[in-house]
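The values are calculated or read from the model by the stated rules, or taken from the named source; none is laboratory data. Since the structure is predicted, the reported quantities are computational estimates derived from the model, not experimental observations. Every residue, glycine as well, gets a Cβ built from its backbone with ideal geometry; the counts of neighbours run over all protein chains shown. The area values use the complete protein model at the heavy-atom level, side chains included, leaving out ligands, DNA and RNA. Shrake-Rupley method; radii C 1.70, N 1.55, O 1.52, S 1.80 Å.
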Amino acid sequence: MKKLLATALAAWLGLGTARAAEITPAIVFDMGGKFDKSFNEGVHRGAEAFSKESGIQVREFEPQNDTQREQALRNFSRRGQSPIIAVGFNQASAVKAVAGEFPKVNFVIIDAVVEAPNVESVLFREEQGSYLAGMLAAMKSATGKVGFVGGMDVPLIRKFACGYVQGARAVNPKIEVLQNMTGSTPSAWNDPVRGAELTRSQIERGADVVFHAAGATGIGVLQAAADAGKFGIGVDSNQNHLHPGHVLTSMVKQLDVATRTTLQAARAGTWKPGTQVLGLAEDGVGLAFDENNAPLITAEMRSRIDQAKADIVAGGITVHDYMSDNSCPR
């Protein structure tokens with residue numbers, strides 16, 4: 001009997017090892033690198049957490065130019081990596097092409113939709129989280145002017161800006177929201193010097209709170225706001241700790257959770273293609289509150305944010321999605 005149990009246990013352990021060996025995940029990051037303290041880094045943290053709990057290595061590649069994305073996806077596919085996570089909407093066409101060439105490889109794309117039987121698309125309701133950020137900015141502003149600095153000028157970033165404007169005007173209908181985009185190419189995600197310049201310009205025009213959705217460029221935005229004694233708002237990852245007392249909050253996207261969850265599903269054999277959209281109701285987006293920004297947030301501010309979140313989830317407040325019609329209500 002003991003021998004049979006030992007044999008069965010050995011077989012079960014062997015199957016577990018085999019299953020673990022079958023998942024060979026990889027990530028192709030967006031421009032800005034995995035240590036951008038924002039978008040990419042959220043994905044990287046999720047992969048690290050998965051590796052720590054599973055012992056499975058996640059291979060990574062940081063492209064330096066546009067052409068390397070598709071090359072990296074194809075190289076990983078040829079080596080049998082699966083699933084492969086493509087970070088950022090800029091990789092949509094590359095994922096579509098490579099997924100068609102390698103139908104037995106599973107792909108995950110973040111912030112874009114690729115309809116294919118071996119692709120999972122993960123989207124976020126950035127407009128909802130940005131609405132709350134706009135409310136908080138308007139409540140904190142002493143000048144009646146707040147700012148927004150985007151990275152690459154694309155509909156997704158306009159989506160952040162539009163949500164921010166709606167939230168700010170919900171608090172103060174007369175508030176002025178200054179807006180600048182860093183550029184029109186992927187290099188706009190990795191230009192902190194330009195981010196700082198745009199922020200200083202907005203501050204000179206009266207903005208005392210500046211929200212960025214600009215990847216690594218946003219590091220310059222937060223630095224310039226802190227240097228001027230004003231407030232910045234971080235994005236994607238919790239950036240409150242970068243300048244304690246000067247980062248009002250961060251509009252976080254739970255990229256780490258989404259990454260870890262999809263890798264866990266792949267390992268368990270429950271991964272499936274299709275599109276999932278994560279908003280306030282799913283805790284996919286939200287504002288970061290911690291010891292770094294606690295002195296900046298009053299009980300009344302927090303109460304209004306909590307109530308607005310509940311109203312959005314319940315359908316009492318509808319936040320317009322810029323990408324639904326490429327417009328933002330006035």
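With the convex hull of its Cα atoms as the shape, the chain has an orientation-averaged projected area of 18.9 nm².
Using the average count of surrounding beta-carbon atoms within 10 Å as a protection proxy, the listed peptides 321-329, 106-114 rank, highest first, as 106-114, 321-329.
Computed from Cα positions, the angle between helix 155-171 and the longest principal axis of the chain comes to roughly 50 degrees. Accessible area ranking (1.4 Å probe, heavy atoms, ligands and nucleic acids excluded), largest first, for E101, E300, E60: E300, E101, E60.
The C-alpha atoms of the range 175-330 occupy a region whose extents along the principal axes are 53, 39, 36 Å, arranged from largest to smallest. Note on R304: accessible area approximately 90 square angstrom, rounded to 10, probe 1.4 Å, nucleic acids and ligands left out. Ordering A228, G183, A170 by Cα displacement along the dipole of the range 153-239 toward the positive end leaves A170 in first place; charges were set at the Cβ atoms of Lys, Arg (+1) and Asp, Glu (-1). Taking the C-alpha atoms only, the angle from helix 255-268 to the longest principal axis of the chain is near 10 degrees. Considering only the Cα atoms of the range 209-285, their convex hull presents on average a projected area of 6.1 nm².
Close amide-amide hydrogen proximity is noted between G232 and V210, V247, L248, each under 5 Å apart and 5 or more residues distant or on a separate chain (H modeled in the peptide plane; Pro and chain starts excluded). Close amide H pairs (under 5 Å, H built 1.01 Å from N) link D191 with T217, residues at least 5 positions away or on another chain. For D306, the accessible surface of its heavy atoms amounts to roughly 80 Å² (probe 1.4 Å, protein chains only, rounded to the nearest 10). Taking the three principal axes of the alpha carbon atoms in the range 43-106, the coordinate ranges are 32, 26, 16 Å, sorted in descending order.
Accessible surface of the chain, 1.4 Å probe: 51 percent of it comes from carbon and sulfur atoms. For the chain, the share of DSSP beta bridges that are antiparallel, to the nearest 5, is 10%.
In the chain, helices alone account for a calculated mean residue ellipticity at 222 nm of -14500 deg cm²/dmol, with every DSSP H run of four or more residues adding -39,500 (n - 2.57). Each other residue within a Cβ distance under 13 Å of Q81 adds +1 if Lys or Arg and -1 if Asp or Glu, for a net charge of +3.
Positive-end ranking of A133, I56, L73 along the dipole of the range 15-158, with charges on Cβ about the Cα centre, is headed by I56. For the options F160, F148, F289, a Gaussian network treatment of the chain with springs between C-alpha atoms closer than 10 Å singles out F289 as fluctuating the most. Per residue, the chain exposes an accessible area of 44 Å² to a 1.4 Å probe, with every protein chain left in place.
Between the C-alpha center of the range 17-70 and that of the range 197-229 there is a gap of 29 Å.
Take each peptide in 246-253, 226-233, count the other Cβ atoms within 10 Å of every residue, and average; sorted highest first, the result is 246-253, 226-233. Dimensions of the range 102-181 based on its C-alpha atoms, expressed as ranges along the principal axes with the largest first, amount to 56, 20, 15 Å.
Applying 0.36 nm per residue to the separation of Q307 and E53 and subtracting their alpha-carbon distance, the gain on full extension is 87.8 nm.
The charge dipole of the chain, taken about its Cα centre with unit charges on the Cβ of Lys, Arg, Asp and Glu (plus for the first two, minus for the last two), comes to roughly 680 debye.
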